[in-house]
1. Would you say Gln88 is among the polar types (S, T, N, Q), outside any loop (DSSP other than H, G, I, E, B) and modelled with pLDDT under 90?
2. If I filter the stretch 184-195 for residues that are of a type in the set (A, V, I, L, M), open to solvent by 20 Å² or more (accessible area, probe 1.4 Å) and farther than 17 Å from Tyr124 by Cβ, do I get at least one hit?
3. Filter the stretch 210-225 down to residues that are aromatic (Phe, Trp, Tyr) and loosely packed, with under 14 Cβ neighbours inside 10 Å and give me whichever is farthest from Tyr170 (Cα to Cα).
4. What residue, of Gly50, Gly120, Gly114, is closer than 30 Å to Val201 by Cα, touching a Ser or Thr at 6+ places or on another chain (Cβ under 9 Å) and either modelled with pLDDT of 65 or more or open to solvent by less than 30 Å² (accessible area, probe 1.4 Å) (or both)?
5. For Ser105, are the conditions met, namely being exposed (fewer than 12 other Cβ atoms within 10 Å of the Cβ) and at pLDDT 70 or above?
6. If we keep just the residues of the stretch 123-142 that are at pLDDT 70 or above and over 26 Å from Phe152 (Cβ atoms), which is least open to solvent (accessible area, probe 1.4 Å)?
7. With Ala233, Ala205 as the choices, which residue is open to solvent by 20 Å² or more (accessible area, probe 1.4 Å) and under 27 Å from Thr139 (Cβ atoms)?
8. For a quick check of your reading of the model, give me the residue pairs whose first member lies in the stretch 211-223 and is under 9 Å from Phe179 (Cα atoms), whose second is open to solvent by 70 Å² or more (accessible area, probe 1.4 Å) and basic (Lys, Arg), with beta-carbon atoms closer than 6 Å and at least 6 apart or on different chains.
Amino acid sequence: MKNPFALLLLCFSLPALAETGTIQCDPDQTSIPAWTAPGRAFVVEQLKCGQMVSVSGLERGYIRIQIGEKIAYVDAKYVRMQQETGLQDRRITELEDRIEQLQKSTSSSVRKSGSERLYGSSEYRRLEVFGGYSFVQFTNGGGNIDGWNASFTGNPHPNIGIKAEVAGLYGRDRVLSNFKYRGYSFMAGPTVTTRNLPVGVYCHALFGVQYLRNTVTTYGMDFSGSVNALSMAFGSGIDWKPKSRVGIRLPQIEYLLWHKQGEWAHNVRLSGGVIFRF
């Protein structure tokens, strides 16, 4: 036998055969017992050395034979199959081919299992929709802004997705209370998520545009101006219950950049809310 696994598979393949075998005894034996069950229960008959038997299968290392109208079991080492060597070789080759296919299938399953342990389950939601509150702090002392944040994330891969986000901001200047801010942004970019933890940890890099409108109220009159800026957000966050259809997005922390009129505005944004998965 070229492969030790072939003998094991042969044991499961023999039940489909119907062959003739010969009883072969040890040198100190003249007969061997045939049992009512594989290796146990009662002796049906004592089989003589060289006796021809009809083999109908194999169970747990015991050959199943037909004795008249009775079924009996004999230790496989005492039975020699009566078939051409070429036929045996062909069957062994077929069995080894099947073993090789099983080994490849098992190896593929192991690699898949290892990948799932490292990156997370292959079962994941293809679309995630988030909506919630956002808070932006200007690092240049311009004050704080409240607003809302909504995003849509498509997941073509368990750990890699594409996120599109829209957000609105509203607030006042910390020093000049009659100076109001209002802005809307649209950004998109890649996101990476882990799904093998009790919570979902993710990070993203978003790029887009920011529309800013400033209004100053003086003597009961409003004077306003607007500008479009390049907007970027780099951040990460945690999702509670990452495998359920509805979850909670714990505060998402981002470094928010605006580039307008040759200048950079460096801000920090916090977001949190509810996430729906489909």
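The values are calculated or read from the model by the stated rules, or taken from the named source; none is laboratory data. Fair warning: this is a prediction, and the values are worked out from it, not measured in the lab. So basically every Cβ, Gly included, is an ideal-geometry build from the backbone, and we count neighbours across all protein chains shown. For the accessible areas, the whole protein counts, side chains as well, though only heavy atoms, and no ligand, DNA or RNA atoms are used. Shrake-Rupley method; radii C 1.70, N 1.55, O 1.52, S 1.80 Å.
1. yes
2. Scanning the stretch 184-195 turns up at least one residue that is of a type in the set (A, V, I, L, M), open to solvent by 20 Å² or more (accessible area, probe 1.4 Å) and farther than 17 Å from Tyr124 by Cβ.
3. Among them, the one singled out is Tyr219.
4. Just one listed residue meets the conditions, Gly120.
5. Answer is yes for this residue.
6. It comes out as Phe138.
7. Working: Ala233 fails: open to solvent by 20 Å² or more (accessible area, probe 1.4 Å).
It is Ala205.
8. Once the first residue is under 9 Å from Phe179 (Cα atoms) and sits in the stretch 211-223, its partners that are open to solvent by 70 Å² or more (accessible area, probe 1.4 Å) and basic (Lys, Arg) give Thr215/Lys180.
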